[in-house]
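The values are calculated or read from the model by the stated rules, or taken from the named source; none is laboratory data. Because the structure is a prediction, the values reported are computed rather than measured. Don't worry about glycine lacking a Cβ; one is built from the backbone with ideal geometry, like all the others, and counts go over all protein chains shown. In case anyone asks, the SASA skips ligands and DNA or RNA and just uses the protein heavy atoms, side chains included. Shrake-Rupley method; radii C 1.70, N 1.55, O 1.52, S 1.80 Å.
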Amino acid sequence: ELKVEQNPLFLSMQEGKNYTIYCNYSTTSDRLYWYRQDPGKSLESLFVLLSNGAVKQEGRLMASLDTKARLSTLHITAAVHDLSATYFCAVDGTSGTYKYIFGTGTRLKVLA
Amino acid sequence: DTGVSQNPRHKITKRGQNVTFRCDPISEHNRLYWYRQTLGQGPEFLTYFQNEAQLEKSRLLSDRFSAERPKGSFSTLEIQRTEQGDSAMYLCASRQAGGASYEQYFGPGTRLTVT
């Protein structure tokens, strides 16, 4: 059964600092997705990573995918308070259905 | 607006009552997914449609849950005899089969509270 794990589960960081969230998954997949979720809200798509070595950047966030290591990272550069949210990675490892298996989530709090 | 829509956005019901949620996918998308998210957890897959055919159901989907997608357009998710454990956010997503990114587009969700 495909499992997706994120760490850390909780992250409290100061504004201006850098940090990385890790997403590990247990089976072969070439596609990984990152989402942001604010409290009580739905999922906002951040990045779609479709191949080994894919790297995408948007503002202070950069995501990468290493399919051989079954690892994706979400790097935060010079954090600001507005980045406070929960971040999920998801993998669609089941051919045909392509249902998403979500990670446990990382709850990020950026302190001013 | 061409995004995924869900109704109602919030539903409060008493234990034992039946509830029905609706999802309208992006019009050209033939695949539709339902997920459930409980507090502090990631979304979990419930069921999936391709056009009007329900092709997969999670073991999370007990006999009290039923989903339909008549005519391959909107979908409904019904919960019978609700229990407090059914309290969650119910998310709907859609995508187009054969799309290059396989990306699913999520609706705003329906938050169910069972009292």
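The number of residues in segment B:29-48 being in a strand (DSSP E or B) and either farther than 19 Å from A:ARG107 by Cα or touching a residue at least 40 places away in the same chain (Cβ under 8 Å) (or both) comes to 11. Just to be sure before I move on: is A:THR73 open to solvent by 10 Å² or more (accessible area, probe 1.4 Å), β-branched (Val, Ile, Thr) and either within 14 Å of chain B (Cβ to nearest Cβ) or in a loop (DSSP other than H, G, I, E, B) (or both) in the structure I sent? When the stated conditions are applied, A:THR73 does not pass them. When you go through A:VAL55, A:VAL110, A:VAL91 one by one, which is the residue that is within 14 Å of another protein chain (Cβ to nearest Cβ), of a type outside the set (D, E, K, R) and either open to solvent by 60 Å² or more (accessible area, probe 1.4 Å) or under 30 Å from B:ARG9 (Cα atoms) (or both)? None of the other options fit; the residue is A:VAL91. Listed by position, the strands (runs of 3 or more DSSP E) enclosed by segment A:1-43 that each have at least 3 residues that are within 23 Å of A:LYS99 (Cβ to Cβ) are A:4-7, A:19-25, A:32-37.
The residues of segment B:1-25 that are buried (at least 18 other Cβ atoms within 10 Å of the Cβ), away from every other protein chain (no Cβ under 12 Å) and not in a strand (DSSP E or B) amount to a single one, B:PRO25.
Just so you know, in segment B:39-57 the residues that are more than 12 Å from the chain's Cα centre (by Cα) and within 11 Å of chain A (Cβ to nearest Cβ) include one that is most open to solvent (accessible area, probe 1.4 Å), and it is B:LEU39. Kindly establish whether B:TYR90 is hydroxyl-bearing (Ser, Thr, Tyr) and within 9 Å of chain A (Cβ to nearest Cβ). So B:TYR90 fails the test. Within segment A:60-70, the set of residues being outside any strand (DSSP E or B) and open to solvent by less than 60 Å² (accessible area, probe 1.4 Å) comprises A:THR67, A:ALA69.
Residue-by-condition table, conditions (1) charged (D, E, K, R); (2) free of Cβ contacts under 8 Å to residues at least 12 places away in the same chain; (3) farther than 22 Å from A:GLY40 by Cα:
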residue	(1), (2), (3)
B:GLY3	no, no, no
B:GLU52	yes, no, yes
B:GLU56	yes, yes, yes
B:GLU78	yes, no, no
B:TYR102	no, yes, yes
B:PRO108	no, no, no
